[in-house]
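The values are calculated or read from the model by the stated rules, or taken from the named source; none is laboratory data. This structure is a prediction, so every number in the text was calculated from the model and none was measured. Neighbour counts run over all protein chains shown; Cβ positions are idealised from the backbone, glycine included. Quick note on the areas: whole protein, heavy atoms, side chains included, nothing else; ligands and nucleic acids left out. Shrake-Rupley method; radii C 1.70, N 1.55, O 1.52, S 1.80 Å.
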Amino acid sequence: TSVAALVVAAHAALGDDLDASVPIDDLRRVMYELGHKITERQYEQLVMAVGDDDGLLGLDELKLAVMLVQILLSDLEGDGFIGRDEAKDAFERFGGEELSDSYVDALFKAGDADGDNKLSLLEFRAAVDMSRFMSGVDADGNGYVDAAELEDFLSQQLPEPATEAQVATVMGKAEDVAGEGRISFVTFRAMQDDWHTWLSLGSKSE
């Protein structure tokens with residue numbers, strides 16, 4: 001069953017009222033009615049990923065739950081987490097396109113906030129958000145940002161094209177942070193808040 005079909009089914013589960021909601025405690029039942037039998041641990045992770053303080057699931061939250069349940073099809077152990085060996089299938093299933101191993105590695109490292117070598121559904125969502133952002137930066141899809149890609153990105157963010165000095169400043173700082181000479185997704189994310197400070201250190205002239 002396609003994600004699109006399941007989303008339609010999720011909409012039908014709420015009826016015609018777009019403002020309708022279901023108690024989050026009914027999530028397992030709704031998923032079962034949509035054809036998904038999930039384990040207790042998968043259910044716990046799903047609730048953490050889509051729930052909020054009001055204890056209710058509206059249409060948008062239910063759609064998200066349906067999409068995340070598709071990711072749990074990659075969870076072969078049934079523990080509600082995506083391991084490294086399950087990640088490629090999960091990311092490709094969610095995004096609908098083939099990804100390089102290096103790109104998957106980069107996404108996995110970016111999402112694994114607690115360093116336990118597995119992704120909760122919340123961490124998976126964070127990795128997907130990172131992927132959407134990085135898709136406009138990592139042009140060759142190898143999971144890293146090189147100097148040319150960085151120059152293109154900064155030129156889009158600044159009021160005028162980035163200079164070689166500015167690119168060198170940021171790349172140099174990235175080396176200080178990661179010791180790689182290129183910017184990984186994790187480093188790129190960590191650097192974001194400080195870009196403007198670092199760019200101010202670079203000369204505006206070539």
Checklist entry - Is it the case that Met134 is at pLDDT below 85 and closer than 30 Å to Lys63 by Cα? => result yes
Next on the checklist: Looking at the stretch 189-205, can you tell me whether even one residue there is in a helix (DSSP H, G or I), modelled with pLDDT of 85 or more and surrounded by 15 or more Cβ atoms within 10 Å (Cβ to Cβ)?
Outcome noted: no
Checklist entry - Among the listed residues Ala126, Ala106, Ala87, which satisfies the condition of being of a type in the set (A, V, I, L, M), at pLDDT 90 or above and under 14 Å from the mean Cα position of the chain (by Cα)? => result Ala87
Checklist entry - Would the stretch 125-139 turn up any residue that is touching a strand residue (DSSP E or B) at 6+ places or on another chain (Cβ under 8 Å) and in a loop (DSSP other than H, G, I, E, B)? => result yes
Item to check | Residues (small (Gly, Ala, Ser) and either in a helix (DSSP H, G or I) or open to solvent by less than 10 Å² (accessible area, probe 1.4 Å) (or both)) located in the stretch 94-110 | outcome: Gly95, Ser102, Ala106, Ala110
